[in-house]
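Reading through the structure tokens given below for one structure.
The values are calculated or read from the model by the stated rules, or taken from the named source; none is laboratory data. A quick note: this is a predicted structure, and the numbers were derived from the prediction, not measured. Note that we place each Cβ from the backbone using ideal geometry, even for glycine, and neighbour counts take in every protein chain shown. Surface accessibility is based on the protein's heavy atoms, side chains included, excluding ligands, DNA and RNA. Shrake-Rupley method; radii C 1.70, N 1.55, O 1.52, S 1.80 Å.
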Amino acid sequence: MSDIISPEAFFSHMLGTDHKIARWDKIVEYFWSLQKESKRIKVMDMGPSTEGHPVLAILVTSEENMENLERIQEVNKRIINPDDLTEDDVKPLVEEGKAVVIQSMSLHATEIGGTQMAPELAYDLITREDEEARRIRDNVVSIMVPCFNPDGQHMVTDWYNRWLGTEYEGCSTPFLYHKYTGHDNNRDAFATNIAESRYMARLMFHDWPPQAYQDHHHMGSYGARLYVAPYSDPIHPHGDPLVWRELQWYGAHMAYKLEEAGKTGIVNAAIFSGWAHLGFHWIGIYHNIPSMLTESASAKLATPLYIHPEQLIEETKPRSLVGTRMMPHYRPTTNFPNPWPGGWWTLRDIVEQQKIAAWALLDHVARNKETVLMNAYQKAVRQTQRGAEDPVTAYVIPAAQHDPRTMELLVEKLLVQNIEFFRAKEPFTADGYIYGQGSYVIPLTQPKMGLVKTLLGHTRFPDDSFTRQPDGSPHNPYDTATDTLAEFMGVAVHPVEWITDVELEKVDDYKQPIGVVDEHSKVGYLLDTRLNHAYKAVNLLLSQGVPVRRVTEPLFAGDTELPPGCFIVDPGHEEKLTTVAEETGVDFHALQVLEAETKPVKRLKVGMYQRYWGGNADEGWTRLCLEQHSFPYDTLMDEDILQGDLSGYDAIILPSDPPAMITGGDELQKWWKEKRPGWPLPEYPPEYRSGLGDEGKEKLKAWVEQGGTLVCLGEAGEYAIETLGLKAANTLKGLNPKEFHCPGSTVHMLVDAYNPVAYGMEEDALALFWGNPAYKILPSGDNHRYQVVASYPDIDILESGWLIGEEHLANKVAVLRAEAGDGAAVLLGPRVQHRCQTHGTFKLLFNSLLG
């Protein structure tokens, strides 16, 4: 194998060299060259990234295994989905099979070490001929995704090179390093909104389900040098116990091999908790896959960082994240026996330690191949048995839904996870409730029962000594306190204990619904406002010049009462309606008579504010949400508002952001010092230090008073109150966490569905609340100019997650519309479009953008 070109020769420098970052397009060339030179590597192009770059999966194994991949894949899937296989039945498969390990790199594009490490790891796996390397190739199918975010890798590399040799060398990008998500791309594994997530889900949950998965990241610069598995407490309740033991098992071997190699500052069982967001390195646990992180201390991208010994700190701090308590100081402990003494920290340090950790995982799996495969079988069997013993027999998704099209979207997302599903071919009864034909049944007697309960079941975040400080103050969860996807999407899902005999068909080949125009009408066609996809249909029709009207009162269709806000399309456009129905999956219902007041739907010209300072992920996700539903919009930067003509815009969206981040300048400096002590404000080039300042406030105020609508998401509502002088206040402002704490939880919200902002909403809806404002209207002579669109109930507010201080949220305003001059502000308090996941509240945003 000596004729295979090394990474150093190909790239003309050692990867990780100071001041050099290999660009993804060049790395792609290298992997294709390796495939030409070796029969031990297979390059799989999974498809284009969000912005068109190749997303690769690199498979490395022995030449013999390469010739037998189809059989290896078949055996692997049989072991992890054993059905009625006994232990004796599975033993020959375990002996025949090969373990599968997937590792991914640099999901977060500024965390560059993993992608720089990947070519070296692949080269070593192919070319090394020692016993350890041969054992890995013989016993393991190693798959790596060497760059999980190709678009961001290009952005970061180009940004670094642009400022190399200047005072801004090594600063991170001032904009999101993914078109839509930025850092949030690893919060998408369960909702799979972006292309990269869908590729990984196909790889991990369908094509090559691994026995171990590891995702290589970076963390802050001033603590441990590298975190490896296992996670710290608390852990999520639905993972198989064997998974948590495997995380300890693999992590111990990696930590040992790192110490053996002389690497210092290695910590495990700290910093990152076992209850966290559902990125791939956590959701995999509920797929029975031990799913791990490595987290390297960061340099300044490819620029070395000098760290003084006294700057090295613990992770446990007031208001720190859940899980950090296991590193209370920077001194030797059993999980951190060899602290790094300080000095220069470089990208090459990161590359070396991540390569050792990646190789150690493969080595440990190769040495214990039979045990690893038998564990996979045992987890599947035991989780299935737990499902059989659970009081809940199954989860039923009723065919009768407030928004049946979004229900089908939930089904589609669950099938991406490769959950076992059935559709009822006839009506049936469960727990005394009659379910219609077409309802879905998800039994818990399956290997992924833990995933089913996590995504569909009622969830409460632990409130105990792991999640509270000694004085009773709560720690923050690592992300949201719940990821109950059905609740986010506003889809009713029922846990049931008893089901009558019913004929079910397994859902294997799922097809998206295709809408129809059900018959010809001389009056017009009705589109149900309760369907999120109806708004996409309306936008598609408006873009083709088809006029659409809206009913302002309830309608009766036979025995069914439809809420106000339904859309009406006049006859004469049937061909276009048919095309739109097929694309969106919604039906157009022919009307025989229409006796209701209607108003024309106007397509508003919409702008959305975008700032720098690292970008705002909420802005990126909002762009994606609008695009998914065909809402046109313009991006407005500082100069567009400060120097542009806003008179052409009907609505401007302010994504959720602290007011200081929108204002910038001295206000931002003051806010940053108060809210983020010890974390200096990034030093960006002057042209990237955004902020609207006082001038921007005056421009927006004048624009609203002249008839514009300012749509404020989450925290941005307080900016509107201040800028427009609204007679409203955030009642939660100033409360300490012991008084009020609701981190990423689903809460009940009472909605006035007769208000045009809330057309199509359920009257008792679930909303995601996470550090959001809750409003009250202050007494004034203008009370009549304020409309309460939605409010929180007086008791039993929490559905899933964690809520401390319910009384502070009770009866407060969730969504407020306030008139100002000839215009208005719409304050959407909860996270109505959060990460394109909270479909149950999308309509509050959508209605605000239709005139």
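Restricting attention to region 707-730, report how many residues are assigned to a loop (DSSP other than H, G, I, E, B) and open to solvent by less than 30 Å² (accessible area, probe 1.4 Å).
Selection size over region 707-730: 3.
Can you work out which of the residues in region 613-671 that are farther than 16 Å from Asp694 by Cα, β-branched (Val, Ile, Thr) and more than 18 Å from the chain's Cα centre (by Cα) is surrounded by the most Cβ atoms within 10 Å (Cβ to Cβ)?
Ile653
At pLDDT 95 or above and in contact with a Gly (Cβ under 6 Å, 6 or more places away or on another chain): does that describe Ile356?
Against the criterion (at pLDDT 95 or above and in contact with a Gly (Cβ under 6 Å, 6 or more places away or on another chain)), Ile356 does not qualify.
Can you pull out the residues in region 561-594 that are open to solvent by 10 Å² or more (accessible area, probe 1.4 Å), under 22 Å from Gly851 (Cβ atoms) and part of a loop (DSSP other than H, G, I, E, B)?
Narrowing region 561-594 to residues open to solvent by 10 Å² or more (accessible area, probe 1.4 Å): 561-563, 570-576, 578-579, 582-583, 585, 587, 589-594.
Filter once more, so that each one left must be under 22 Å from Gly851 (Cβ atoms): 562-563, 570, 573, 576, 594.
Listed by number, the residues that qualify are Pro563, Asp570, His573, Leu594.
Residues in region 644-674 that are of a type outside the set (A, V, I, L, M, F, W, C) and closer than 30 Å to Leu844 by Cα: how many?
Adding up the residues that qualify gives 13.
Any idea how many residues of region 39-64 are touching a helix residue (DSSP H, G or I) at 6+ places or on another chain (Cβ under 6 Å), under 20 Å from Leu125 (Cβ atoms) and outside any strand (DSSP E or B)?
4
Quick one: is Gly760 outside any strand (DSSP E or B) and free of Cβ contacts under 8 Å to residues at least 24 places away in the same chain?
No, not satisfied.
Name the pairs whose Cβ atoms lie under 7 Å apart, with the first residue in region 89-101 and open to solvent by 40 Å² or more (accessible area, probe 1.4 Å) and aliphatic (A, V, I, L, M), the second modelled with pLDDT of 95 or more and assigned to a strand (DSSP E or B), and 6 or more positions between them or separate chains?
none
Condition check: surrounded by fewer than 19 Cβ atoms within 10 Å (Cβ to Cβ), farther than 30 Å from Asn65 by Cα and at pLDDT 95 or above. Does Gly387 satisfy that?
no
Which of (1) open to solvent by 20 Å² or more (accessible area, probe 1.4 Å); (2) part of a helix (DSSP H, G or I); (3) of a type outside the set (A, V, I, L, M, F, W, C) is the odd one out, the single condition Asp363 does not satisfy?
Unmet condition: (1).
If Lys699 passes every condition in (1) under 30 Å from Gly585 (Cα atoms); (2) surrounded by fewer than 21 Cβ atoms within 10 Å (Cβ to Cβ); (3) touching a Leu at 6+ places or on another chain (Cβ under 9 Å) but one, which one does it miss?
(1)
In contact (Cβ under 8 Å) with a residue 12 or more places away in the chain, among the acidic types (Asp, Glu), touching a helix residue (DSSP H, G or I) at 6+ places or on another chain (Cβ under 9 Å) and farther than 30 Å from Glu639 by Cβ - does that describe any residue in region 570-584?
Yes.
Pull out all pairs, ordered by first then second residue, where Cβ-Cβ is under 6 Å, the residues are six or more apart or on different chains, the first lies in region 520-549 and is modelled with pLDDT under 95, and the second is in a helix (DSSP H, G or I).
Listed pairs, sorted by first residue: none to list.
Name every residue in region 7-30 that is open to solvent by less than 50 Å² (accessible area, probe 1.4 Å), part of a loop (DSSP other than H, G, I, E, B), touching a helix residue (DSSP H, G or I) at 6+ places or on another chain (Cβ under 7 Å) and farther than 16 Å from Pro54 by Cα, in order of residue number.
Leu15, Gly16, Thr17, Ile21
Looking at this structure, is Lys317 among the basic types (Lys, Arg), open to solvent by 20 Å² or more (accessible area, probe 1.4 Å) and at pLDDT below 95?
Answer is yes for this residue.
Among the candidates Asp138, Asp158, Asp188, which residue alone is out of contact with any Pro (no Cβ under 7 Å at 6 or more places or on another chain) and under 27 Å from Val416 (Cβ atoms)?
Answer to the selection: Asp188.
Which residues, taken from region 250-271, are among the aromatic types (Phe, Trp, Tyr) and open to solvent by 10 Å² or more (accessible area, probe 1.4 Å)?
Tyr256
Would you be able to say whether some residue in region 263-273 is closer than 28 Å to Val392 by Cα and among the hydroxyl-bearing types (Ser, Thr, Tyr)? Let's see the steps before the verdict.
The initial filter retains those residues of region 263-273 that are closer than 28 Å to Val392 by Cα, namely 273.
Add one more test, that the residue is among the hydroxyl-bearing types (Ser, Thr, Tyr), and what stays is 273.
The answer is yes; a qualifying residue exists.
What's the number of the condition Gly781 fails, among (1) open to solvent by less than 10 Å² (accessible area, probe 1.4 Å); (2) small (Gly, Ala, Ser); (3) more than 30 Å from the chain's Cα centre (by Cα)?
(1)
Is it true that Pro290 is under 30 Å from Thr445 (Cβ atoms), within 22 Å of the chain's Cα centre (by Cα) and modelled with pLDDT under 95? Even if it seems obvious, please write down each step before you answer.
Details: under 30 Å from Thr445 (Cβ atoms): yes; within 22 Å of the chain's Cα centre (by Cα): yes; modelled with pLDDT under 95: no.
Spelling it out, it is not the case that Pro290 is under 30 Å from Thr445 (Cβ atoms), within 22 Å of the chain's Cα centre (by Cα) and modelled with pLDDT under 95.
Looking for something modelled with pLDDT of 95 or more, within 30 Å of Ile419 (Cβ to Cβ) and buried (at least 23 other Cβ atoms within 10 Å of the Cβ) - is there at least one such residue anywhere in region 163-176?
no
Can you find, within region 550-560, the residue that is most open to solvent (accessible area, probe 1.4 Å) among those that are among the hydrophobic types (A, V, I, L, M, F, W, C) and modelled with pLDDT under 95?
Phe556
When residues of region 524-538 are filtered for being in a loop (DSSP other than H, G, I, E, B), open to solvent by less than 10 Å² (accessible area, probe 1.4 Å) and hydrophobic (A, V, I, L, M, F, W, C), how many remain?
Applying the first criterion (in a loop (DSSP other than H, G, I, E, B)) to region 524-538 yields 528-531.
Checking the rest, the ones that are also open to solvent by less than 10 Å² (accessible area, probe 1.4 Å) come to 529.
Checking the rest, the ones that are also hydrophobic (A, V, I, L, M, F, W, C) come to none.
Qualifying residue count for the region: 0.
Can you name every residue in region 41-77 that is among the hydrophobic types (A, V, I, L, M, F, W, C) and either open to solvent by 80 Å² or more (accessible area, probe 1.4 Å) or farther than 19 Å from Asp138 by Cα (or both)? Explain how you work it out, then say what you get.
Within region 41-77, the first condition is being among the hydrophobic types (A, V, I, L, M, F, W, C), and the residues that meet it are 41, 43-44, 46, 55-60, 66, 69, 72, 75.
Result: Met44, Met46, Val55, Leu56, Ala57.
What's the number of the only condition in (1) in contact with a Lys or Arg (Cβ under 7 Å, 6 or more places away or on another chain); (2) buried (at least 18 other Cβ atoms within 10 Å of the Cβ); (3) closer than 29 Å to Ala481 by Cα that Lys776 fails to meet?
Lys776 satisfies every listed condition except (2).
Take the residues in region 424-466 that are of a type outside the set (A, V, I, L, M), within 15 Å of Ala388 (Cβ to Cβ) and part of a helix (DSSP H, G or I), then tell me which one is most open to solvent (accessible area, probe 1.4 Å).
Lys453
In region 795-807, is there at least one residue being farther than 18 Å from Ala729 by Cα and of a type in the set (Ser, Thr, Tyr)?
yes
Answer with yes or no whether Ile80 is at pLDDT 95 or above, open to solvent by less than 50 Å² (accessible area, probe 1.4 Å), at negative phi and within 27 Å of the chain's Cα centre (by Cα).
In short, yes.
Taking the conditions exactly as written (closer than 13 Å to Phe588 by Cα, touching a Cys at 6+ places or on another chain (Cβ under 7 Å) and surrounded by 13 or more Cβ atoms within 10 Å (Cβ to Cβ)), does Leu541 satisfy them or not?
No: the conditions fail for Leu541.
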